[in-house]
Amino acid sequence: MNEDRIQNILATLGRVKKGAVDAFGEGKEDHRAALKRGFENQGIETDSTMIDQMMGSNATVTRARELFGMAQPEQVAARKSMGLGLSDDRATRIGQVLGTLGSDVVQDRGRSIWWLLNAPQATAQVLNDVALKKHAPDLFKTDVVPGVNSHRAAVTADLVDRESGLTRKGVTQRKVQDGKLPSGEPKFRNEYRKRRYEPGLVDALAIPAGIAVNSSIGLLNPFGGQEGYKAVFEDENDASKTSNVLGEVAAKYVLGKTGNLLPWDEFKQVRPDVSKGEYMAYKAFKFDNDFDANPMDGDLVGPAGVIKYTDEGIHGPEVQFLGRSLPIATGIMPTAAAIAGTAYGARRGGPKGGLVGGLLSTGAAMLTGNVIEGERRRRNAEENETDTMYQ
């Protein structure tokens with residue numbers, strides 16, 4: 001009896017090991033292919049948003065969805081058909097979960113989600129992408145090329161390269177069921193589909209939101225820092241001016257780098273609306289990474305200071321994300337307007353309409369935000385002057 005029990009335990013551990021080894025060996029490309037096949041099974045277009053592509057091909061995410069009964073049946077079937085599905089055997093399934101978690105670490109799947117969102121510009125692009133997919137889905141669609149059901153017809157229609165047999169740019173080929181054979185088996189035919197828009201044109205719709213975000217965090221000035229800030233490459237006579245325009249552009253565009261606050265004696269010359277107490281409090285807030293979930297003190301600080309909020313910053317109410325300041329009036333409001341305007345314009349006029357709508361919305365929101373911020377600074381400057389008179 002004991003010997004049978006030991007054999008059962010060893011057999012169970014063997015199935016756990018097999019599930020773990022198999023799952024650990026799976027690659028990202030396997031799950032990307034399964035995601036595409038799942039989209040085809042769902043009868044929807046295979047083009048999707050960056051976040052959908054990443055989450056849908058992330059084995060840790062998809063297996064968690066499947067375990068909790070949240071996965072699309074077509075996606076489950078696609079993974080199973082490729083040998084990527086969860087086993088019906090409990091021991092093997094446990095091994096698959098363990099192997100998936102291990103491969104997540106090795107293949108950086110979890111961290112890749114963070115890398116996708118770890119800058120204000122990247123987060124804005126993802127939100128813009130999601131808004132376009134929801135409100136202007138035609139941007140991501142393809143159309144069936146009528147009357148082309150065979151390889152020969154596709155070559156004649158110039159959809160397929162004659163020598164290599166590969167479909168041309170923007171054209172995809174898939175097999176769809178077309179009735180049944182006399183034997184009762186499914187009969188398939190080729191279906192050729194063409195993208196409605198070039199991916200580059202769709203990607204260009206991130207420009208308005210990019211302008212809004214980059215402007216608010218001070219990346220659009222090639223000659224120095226934004227008002228009250230140093231340049232990345234400081235001029236020895238004026239820290240707010242750059243000594244290297246090309247280096248300044250490269251540091252801001254490539255590295256997303258900006259200069260620090262000017263010392264108080266220089267800062268107060270360009271920002272008379274900020275008192276020394278406000279300046280020091282703001283500097284303390286920038287370096288405060290202690291968790292704070294109490295909104296009553298005017299500040300909120302997330303874990304490790306990744307995201308923070310203050311209602312009394314030197315730019316007015318603002319959110320800080322990874323140390324980057326996003327004022328509500330001159331940063332978040334224009335970015336939200338850019339995303340909304342782009343989605344609305346693209347829904348009505350395709351990529352061109354989206355770009356025009358996004359730029360117009362961005363410009364209007366930036367103008368409005370600057371007026372609001374200008375008025376706030378004017379009032380603060382008057383208050384500081386009054387306080388100085390009575391000191």
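The values are calculated or read from the model by the stated rules, or taken from the named source; none is laboratory data. Remember, predicted model here, so these are calculated numbers, not experimental data. In this analysis, Cβ positions are derived from the backbone assuming ideal geometry, glycine residues included, and neighbour counts consider all displayed protein chains. The area values use the complete protein model at the heavy-atom level, side chains included, leaving out ligands, DNA and RNA. Shrake-Rupley method; radii C 1.70, N 1.55, O 1.52, S 1.80 Å.
Looking at region 230-242, is at least one residue surrounded by 13 or more Cβ atoms within 10 Å (Cβ to Cβ), part of a strand (DSSP E or B) and in contact with a Pro (Cβ under 9 Å, 6 or more places away or on another chain)? Talk me through it step by step, then tell me what you get.
Here is the first cut: in region 230-242, the residues surrounded by 13 or more Cβ atoms within 10 Å (Cβ to Cβ) are 230-235, 238-242.
Within this subset, residues satisfying the condition of being part of a strand (DSSP E or B) are 234, 241-242.
Filter once more, keeping what is in contact with a Pro (Cβ under 9 Å, 6 or more places away or on another chain): 242.
Within region 230-242, one or more residues are surrounded by 13 or more Cβ atoms within 10 Å (Cβ to Cβ), part of a strand (DSSP E or B) and in contact with a Pro (Cβ under 9 Å, 6 or more places away or on another chain).
Scanning region 17-62 for residues that are of a type in the set (V, I, T), more than 21 Å from Q173 (Cα to Cα) and open to solvent by 60 Å² or more (accessible area, probe 1.4 Å) gives a single hit, V21.
Say whether the condition of being in contact (Cβ under 8 Å) with a residue 12 or more places away in the chain, part of a helix (DSSP H, G or I), among the aliphatic types (A, V, I, L, M) and closer than 14 Å to I94 by Cβ is met by at least one residue in region 21-38. Yes, region 21-38 has at least one match. A Cβ distance below 7 Å, combined with a sequence gap of six or more or placement on separate chains, defines the contacts here; from region 362-386, residues that are aliphatic (A, V, I, L, M) reach residues that are open to solvent by 50 Å² or more (accessible area, probe 1.4 Å) in the pairs A365/M333; A381/P272.
The one condition from (1) closer than 30 Å to G313 by Cα; (2) among the β-branched types (V, I, T); (3) out of contact with any strand residue (DSSP E or B) (no Cβ under 7 Å at 6 or more places or on another chain) that V202 does not meet is (1).
Quick check, is G85 over 25 Å from the mean Cα position of the chain (by Cα), farther than 30 Å from T142 by Cβ and assigned to a loop (DSSP other than H, G, I, E, B)? Step through it out loud before you land on a result.
Values: over 25 Å from the mean Cα position of the chain (by Cα): yes; farther than 30 Å from T142 by Cβ: no; assigned to a loop (DSSP other than H, G, I, E, B): yes.
Here the answer is no, as G85 does not meet what is asked.
Taken over region 305-327, the criterion of being under 22 Å from F291 (Cβ atoms) and either of a type in the set (S, T, N, Q) or not in a strand (DSSP E or B) (or both) is satisfied by G305, V306, T310, Q320, L322, G323, S325.
Just the residues that are of a type in the set (D, E, K, R) and either modelled with pLDDT of 90 or more or over 27 Å from the mean Cα position of the chain (by Cα) (or both), please, taken from region 277-289.
Scanning region 277-289 gives E278, K283.
Of all residues in region 333-344, none are more than 19 Å from the chain's Cα centre (by Cα), touching a residue at least 24 places away in the same chain (Cβ under 8 Å) and open to solvent by less than 70 Å² (accessible area, probe 1.4 Å).
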